[in-house]
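These notes concern the structure reproduced below.
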Amino acid sequence: MMISTPDGQSSSPRQSDHALACIKNEIVSCRLAPGAHFSEAELSNRYGLARAATRAALTRLTDVGLVQPVPRHGFIVTPITVASLRELFELRLMIEPQAAALAVGRLDPAHLRAINAAPQNAKSKTEQLAFVDSNRAFHSEIARSSGNRRLFALLETLADEMQRLVHLGLFGPGGSVHEQREADAQHEALIAAFEAGDAQAVQQASRLHIEHSRALAMDRIVKGLAPSVLA
């Protein structure tokens, strides 16, 4: 199957998926910095991607809010602002601990532990991105196990933006092994609470983990350790 584009070029799903993964990884790792301007042609040339595949990838990244089109001027990587960061974590704190509590008795803790296998103390770019993907899968599994499809869908809309903030908080400038180990301990606390079947402990562990992530991301922004717009 080929995906047609307005200029008559076409891209296979495989090419589009490759372009999506490539560009998204650059955004998540902040190698394409928040607020950076670029054109479709620039990205195609920089990463050796087909133009049609790049266009399809940018459409998908626009849909999830990681890039924004700028009429007649290409695209911009969606900035990280203090206001948007605050709103994102407020929403997570309102709904994610409850989703976790609903998952008690429905979730397989052994499966969750297996998902959590990516090394927290990641060094290389590849290891860091592997952890960020693993972290997303970890939280998605909890939300999916809530049994509430609407709740899961809502949390999934936040997941792409959260991947960038997780990378920024743990692996961006100012990140430390201590913070990475603390985040890992919080995942272990969540798994232990699921193993115990304790919904209240699950809610508390989820809340503490979200608050820790918020503090790390906010610290990077406020201290100017990451490109952002302080608004």
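The values are calculated or read from the model by the stated rules, or taken from the named source; none is laboratory data. Since the model is a prediction, treat every value here as computed from it, not as a measurement. Every residue, glycine among them, receives a Cβ derived from its backbone with ideal geometry; neighbour counts consider all protein chains shown. Protein only, heavy atoms only, side chains kept; ligands, DNA and RNA dropped before computing areas. Shrake-Rupley method; radii C 1.70, N 1.55, O 1.52, S 1.80 Å.
Data for the structure
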read-out	value
Candidates Ala130, Ala159, Ala50, filtered to the one that is small (Gly, Ala, Ser) and in contact with a Pro (Cβ under 9 Å, 6 or more places away or on another chain)	Ala130
Residue pairs meeting the criteria (Cβ under 6 Å; at least 6 apart or on separate chains; first free of Cβ contacts under 8 Å to residues at least 24 places away in the same chain, in the stretch 30-59; second surrounded by fewer than 20 Cβ atoms within 10 Å (Cβ to Cβ) and outside any strand (DSSP E or B))	Ser44/Arg51
Selection from the stretch 1-39 of residues that are in contact with a strand residue (DSSP E or B) (Cβ under 9 Å, 6 or more places away or on another chain), modelled with pLDDT of 85 or more, surrounded by fewer than 17 Cβ atoms within 10 Å (Cβ to Cβ) and not small (Gly, Ala, Ser)	His37
Which numbered condition Ser134 misses (of (1) touching a residue at least 40 places away in the same chain (Cβ under 8 Å); (2) open to solvent by less than 20 Å² (accessible area, probe 1.4 Å); (3) assigned to a helix (DSSP H, G or I); (4) more than 19 Å from Met218 (Cβ to Cβ))	(1)
Per-region count, the stretch 43-52, residues open to solvent by 20 Å² or more (accessible area, probe 1.4 Å) and in contact with a strand residue (DSSP E or B) (Cβ under 9 Å, 6 or more places away or on another chain)	3
Matching residues in the stretch 171-187 - criterion: being loosely packed, with under 15 Cβ neighbours inside 10 Å, assigned to a helix (DSSP H, G or I) and either small (Gly, Ala, Ser) or in contact (Cβ under 8 Å) with a residue 40 or more places away in the chain (or both)	Val177, Arg181, Ala185
Condition met for Arg46 (farther than 18 Å from Ala217 by Cβ, assigned to a helix (DSSP H, G or I) and in contact with a helix residue (DSSP H, G or I) (Cβ under 6 Å, 6 or more places away or on another chain))	no
Scan of the stretch 104-131 for residues that are farther than 14 Å from Ser29 by Cα, modelled with pLDDT under 95, assigned to a loop (DSSP other than H, G, I, E, B) and open to solvent by less than 40 Å² (accessible area, probe 1.4 Å), ordered by number	Asn116, Ala118, Gln120
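Conditions (1) open to solvent by 30 Å² or more (accessible area, probe 1.4 Å); (2) within 27 Å of Glu211 (Cα to Cα); (3) assigned to a helix (DSSP H, G or I), marked per residue:
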{"position": "Thr54", "(1), (2), (3)": "no, no, yes"}
{"position": "Ala57", "(1), (2), (3)": "no, no, yes"}
{"position": "Leu61", "(1), (2), (3)": "no, yes, yes"}
{"position": "Gly65", "(1), (2), (3)": "yes, yes, no"}
{"position": "Gln68", "(1), (2), (3)": "yes, no, no"}
{"position": "Arg72", "(1), (2), (3)": "yes, no, no"}
{"position": "Ala83", "(1), (2), (3)": "yes, yes, yes"}
{"position": "Leu88", "(1), (2), (3)": "no, yes, yes"}
{"position": "Leu91", "(1), (2), (3)": "yes, yes, yes"}
